[in-house]
1. Which pairs do you get when a residue that is surrounded by 10 or more Cβ atoms within 10 Å (Cβ to Cβ) and among the aliphatic types (A, V, I, L, M), found in segment 1-23, comes within reach of a residue that is modelled with pLDDT of 95 or more and not in a loop (DSSP other than H, G, I, E, B), reach meaning Cβ atoms under 7 angstrom, with the pair 6+ apart or on two chains?
2. Which residues, counting only those in segment 20-40, are over 20 Å from the mean Cα position of the chain (by Cα) and at pLDDT 75 or above?
Amino acid sequence: MTQRDIGAEIISGLEEIATWEKSEIELKTTELKLPKSTDVVNILERMSVSSVNKGETLL
């Protein structure tokens with residue numbers, strides 16, 4: 001198995017983000033639609049999350 005230089009990969013990624021923010025390169029981006037706060041309760045109920053765990057889940 002090849003050894004990875006995680007530090008170098010992180011720095012490379014941060015440099016890539018900085019370049020993208022300057023509009024010097026184009027990166028694939030995805031926009032997500034976040035649920036309304038009222039939808040969160042319904043989602044948690046469908047996931048069968050108990051009320052005790054809801055607070056822990058949302059933190």
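The values are calculated or read from the model by the stated rules, or taken from the named source; none is laboratory data. Everything numeric in this text was worked out from a predicted model, so none of it was measured. Virtual Cβ from ideal backbone geometry, glycine too; neighbours counted across all protein chains shown.
1. none
2. K22, S23, E24, I25
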